[in-house]
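Undergrad: Got a structure for you, written out below as structure tokens; questions coming shortly.
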Amino acid sequence: MNDNILRIAIQKSGRLSEDSLKLIKECGIRFDNGAGKLKTDATNFPAQILFLRDDDIPGYVEDGVAHLGIVGENVSEESNRNVDTVHKLGFSKCRLSIGVLREHDYNNVTDLEGKSIATTYPRLLEKYLSSNNVKAQIHEISGSVEIAPSIGLADAVCDIVSSGSTLLSNGLKEVETIFRSEAVMIASKHLSDVQKDLLDQLLFRIKSVQAAKNNKYILLNCPTSAVESITKFLPGMRAPTILPLATEGWCSLHSVINENEFWENIEKIRQAGAEGILVIPIEKMIL
Ligand SMILES: Nc1ncnc2c1ncn2[C@@H]1O[C@H](COP(=O)(O)OP(=O)(O)OP(=O)(O)O)[C@@H](O)[C@H]1O
Ligand SMILES: O=P(O)(O)OC[C@H]1O[C@H](OP(=O)(O)OP(=O)(O)O)[C@H](O)[C@@H]1O
Ligand SMILES: [Mg+2]
């Protein structure tokens, strides 16, 4: 086996596929992923991409067949495989929740005592129930879980929820959240030194891509006298760039602004005297 390349397993087709492919491409790794291909070599980075069922990825990574994998934390935790979670990726956010029929008069988790619960996540469910001292019968099924109560297969379900529309359209209500998940990168515990170095390079690129998404480049004009108060809201990566304008007493200020604080800070900057504000996306941000 070649210890000098990174074999990265991603989901072949499903909820994680598009964002996983996009992330690898945004990291500048080029490869041909023609339809039906289950394995492809990167052309400009020592990596190979494997396209697999997501449930198989933690096992492949534990065995070292794949060195890295992108999966939901829910799948990684449920698999209980001996792998390292090296980075949270910020997409495919969802929760694992318990749902019961809407007409069920549910008060708290003890109402599940002696009930049957259909799920694809028996291990996570069992952990949650035993931490709440509840004994219920876990009925493991591999899909279409939300149908179970309406056909008499189980009293409750434990499945992935995002918008809640699948629960709603199957006559269910969400009563307990047992796990919050997002896509994560997992790594084998048996990487060679070269592979560890390649992983560091890849994580550096991923963090630069994520930082760029979370920040915007901002340019504005302001009276020179307002620079100090505006800078409080725009500290930049080190400090803002200040350039004089052709108009006496005015300058142009360039900085970065965090997406989460954007609207709140824009208002404060305007009140401090900024005008002609331009906000531009950043493609990569090297921290
Ligand atoms: N509705 C959703 N919104 C956001 N993320 C979700 C949603 N449903 C699932 N996920 C996340 O995406 C992962 C993959 O979901 P998907 O439905 O594609 O899995 P799957 O049907 O088991 O796929 P596979 O065929 O590869 O086994 C889940 O494990 C979860 O982390
Ligand atoms: O709360 P919601 O936004 O409705 O999302 C939740 C649903 O999404 C997933 O299924 P998916 O649609 O991926 O289909 P699947 O059953 O083929 O996995 C999950 O298994 C839930 O059924
Ligand atoms: Mg699966």
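Undergrad: Each residue of region 225-236 in turn: what ³J(HN,Hα) in whole Hz from Karplus with 6.51, -1.76, 1.60 and θ = phi - 60°, glycine and Pro shown as x?
TA: 5, 8, 4, 4, 6, 5, 4, 4, 8, 10, x, x
Undergrad: May I pose another question? Considering amide H positions built from the backbone, and no H for Pro or chain starts, which residues 5 or more places from S116, or on another chain, come under 5 Å of its amide H?
TA: Q137, D155, A156
Undergrad: Name the aspartates and glutamates eligible as straight-distance cross-link partners of K284: C-alpha to C-alpha under 14 Å, and not fewer than 8 places from it in the same chain.
TA: Once the sequence-local aspartates and glutamates are set aside, what remains near K284 is E26.
Undergrad: Going by the alpha-carbon gyration tensor, a ≥ b ≥ c the square roots of its eigenvalues, is the chain rounded (a/c under 1.5) or, if a/c is not under 1.5, prolate (a/b greater than b/c) versus oblate? Intermediate results must be reported in sequence, preceding the final value.
TA: On the way: a/c = 2.91, a/b = 1.50, b/c = 1.95.
Judged from the Cα gyration tensor, the chain comes out oblate (a/c at least 1.5, b/c at or above a/b).
Undergrad: With the cut-off at 1.5 for a/c, could you classify region 94-181 from its C-alpha gyration tensor as rounded, prolate or oblate? Don't jump to the answer; show the numbers that get you there.
TA: Numbers: a/c = 1.31, a/b = 1.18, b/c = 1.11.
In terms of gyration-tensor shape, rounded.
Undergrad: Right, here's the next one. If one takes the longest principal axis of the Cα atoms in the chain, at what angle in degrees, from 0 to 90 and to the nearest 10, does the Cα axis of helix 262-271 lie?
TA: In the chain, helix 262-271 runs at an angle near 30 degrees to the longest axis.
Undergrad: Quick check on packing: order 135-141, 197-203 by the mean number of other C-beta atoms within 10 Å, highest mean leading.
TA: Descending mean neighbour count gives 197-203, 135-141.
Undergrad: What is the packing order of peptides 21-31, 37-47, taking the mean over residues of other C-beta atoms within 10 Å and listing the highest first?
TA: Values: 21-31: 16.6, 37-47: 13.7.
With the highest mean Cβ count within 10 Å placed first, the list reads 21-31, 37-47.
Undergrad: Output the 0 to 90 degree angle, nearest 10, between the alpha-carbon long axis of helix 122-131 and the longest principal axis computed from the alpha carbons of the chain.
TA: Once rounded, one gets 90 degrees.
Undergrad: Also: Against the longest alpha carbon principal axis of the chain, how many degrees, from 0 to 90 and to the nearest 10, is the axis of helix 193-214 turned?
TA: Value to nearest ten degrees: 70.
Undergrad: Separate question: What are the ³J(HN,Hα) couplings of region 156-165, residue after residue, when phi is run through the Karplus curve with 6.51, -1.76, 1.60 and θ = phi - 60°? Round to Hz, x for glycine and proline.
TA: Using θ = phi - 60°, the values come out as 8, 10, 9, 8, 5, 10, 10, 7, x, 6 Hz.
Undergrad: Using the Cα gyration tensor of region 215-281, with a ≥ b ≥ c the square roots of its eigenvalues, what is the shape: rounded (a/c below 1.5), prolate (a/b larger than b/c) or oblate (neither)?
TA: Prolate, because a/c is 1.5 or more and a/b exceeds b/c.
Undergrad: OK, next. Subtract the Cα-Cα distance of I277 and I147 from 0.36 nm times their separation in residues, and report this length gain in nm to one decimal.
TA: 41.6 nm
Undergrad: Hey, another quick one. DSSP loop (so not H, G, I, E, B), at most 12 other Cβ within 10 Å: list which GluC sites (Glu not before Pro) in region 28-111 pass both filters.
TA: Sites meeting the loop and neighbour criteria: E103.
Undergrad: Another question, then. If amide H atoms are built 1.01 Å from N in the plane of the peptide, which residues on other chains or at least 5 residues away come under 5 Å of the amide H of V71?
TA: V184, I186
Undergrad: Based on alpha-carbon centroids, what's the gap between region 1-79 and region 238-274 in Å, whole number please?
TA: 41 Å
Undergrad: I would also like to ask the following. Hey, can you grab everything whose amide H is under 5 Å from the amide H of R7? Only 5+ residues off in sequence or another chain; H modelled, so Pro and N-termini drop out.
TA: Result for R7 returns Q48, H67, L68.
Undergrad: Further, regarding this structure: Starting from the Cα of S225, step 7 Å along the direction of its Cβ; do the same at T177; then give the gap between the two resulting points in nm.
TA: Spacing of the two 7 Å Cα→Cβ label points: 4.9 nm.
Undergrad: Each residue of region 251-259 in order: what ³J(HN,Hα) in whole Hz does its phi give by Karplus 6.51 cos²θ - 1.76 cosθ + 1.60, θ = phi - 60°, with x for Gly and Pro?
TA: For region 251-259, the Karplus-derived couplings read 9, 10, 10, 10, 7, 10, 9, 6, 3 Hz, x marking Gly and Pro.
Only the coordinates and a few stated rules stand behind these numbers; no lab work does. Computed from a predicted model, the values in this text were never measured in an experiment. Quick reminder, even Gly has a Cβ in these numbers, built from the backbone with ideal geometry, and neighbours come from all protein chains shown.
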